Amino acid sequence: DSCGYEEESHMCDFTLEDQNGDEFNLYDHIGRPIVLDYSTMWCGYCQVAAQDVAEAEQDHADIDLLYITVLIETPSGAPPSIEDCENWASVFGIINSPVLAGNRDLIDPSAVSGVPVSGWPTFLFLDEEMVIKGELRGYSKEALNYKIQTLLMD
């Protein structure tokens, strides 16, 4: 199957380490609607979004929503370590959701070879078949909930 990073494409699969040091493979979660949150540790709006992760999953438990945070960069500009992901999860009370150690190789503003991130945070909304149904740049709790309701809930 082909994959891509634009709306209505099947999201390309990836495997990254989570905050527990375990491998997390995106396509192991086919059958669940997913919010992919691409964030940096230095971004204020990313930190605000992180405070709402548990609530977003709880508010959408009826559709078995999986909220995945992919950290791209530390405050010093380096790729995050497992310890950074663990600290992020701890500070923001993220218990049941994966926080993944990513890097800038995962992003491409042109959407040719990576996720089209042009601002932080950037969210992608995937349906149960891993099709990208939409995106959101920047953070607003209301906008995130609206996107989940309109793009992922039947």
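The values are calculated or read from the model by the stated rules, or taken from the named source; none is laboratory data. Because the structure is predicted, anything quoted here is derived from the model rather than measured. Note: ideal-geometry Cβ built from the backbone for every residue, glycine included; neighbour counts use all protein chains shown. Side chains included, ligands, DNA and RNA excluded: accessible areas come from the protein's heavy atoms. Shrake-Rupley method; radii C 1.70, N 1.55, O 1.52, S 1.80 Å.
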How many residues does region 7-19 hold that are in contact (Cβ under 8 Å) with a residue 40 or more places away in the chain and either exposed (fewer than 13 other Cβ atoms within 10 Å of the Cβ) or of a type in the set (Gly, Ala, Ser) (or both)?
2
All positions within region 20-34 that are open to solvent by 80 Å² or more (accessible area, probe 1.4 Å) and either small (Gly, Ala, Ser) or without any contact (Cβ under 8 Å) to a residue 24 or more places away in the chain (or both):
Asp22, Glu23, Asp28
Restricting to region 45-76, count the residues that are touching a residue at least 60 places away in the same chain (Cβ under 8 Å), in contact with a helix residue (DSSP H, G or I) (Cβ under 8 Å, 6 or more places away or on another chain) and farther than 18 Å from Met130 by Cα.
4
Would you check which residues across region 37-47 are open to solvent by less than 60 Å² (accessible area, probe 1.4 Å), assigned to a helix (DSSP H, G or I) and within 15 Å of Ala143 (Cα to Cα) and list them?
Cys46
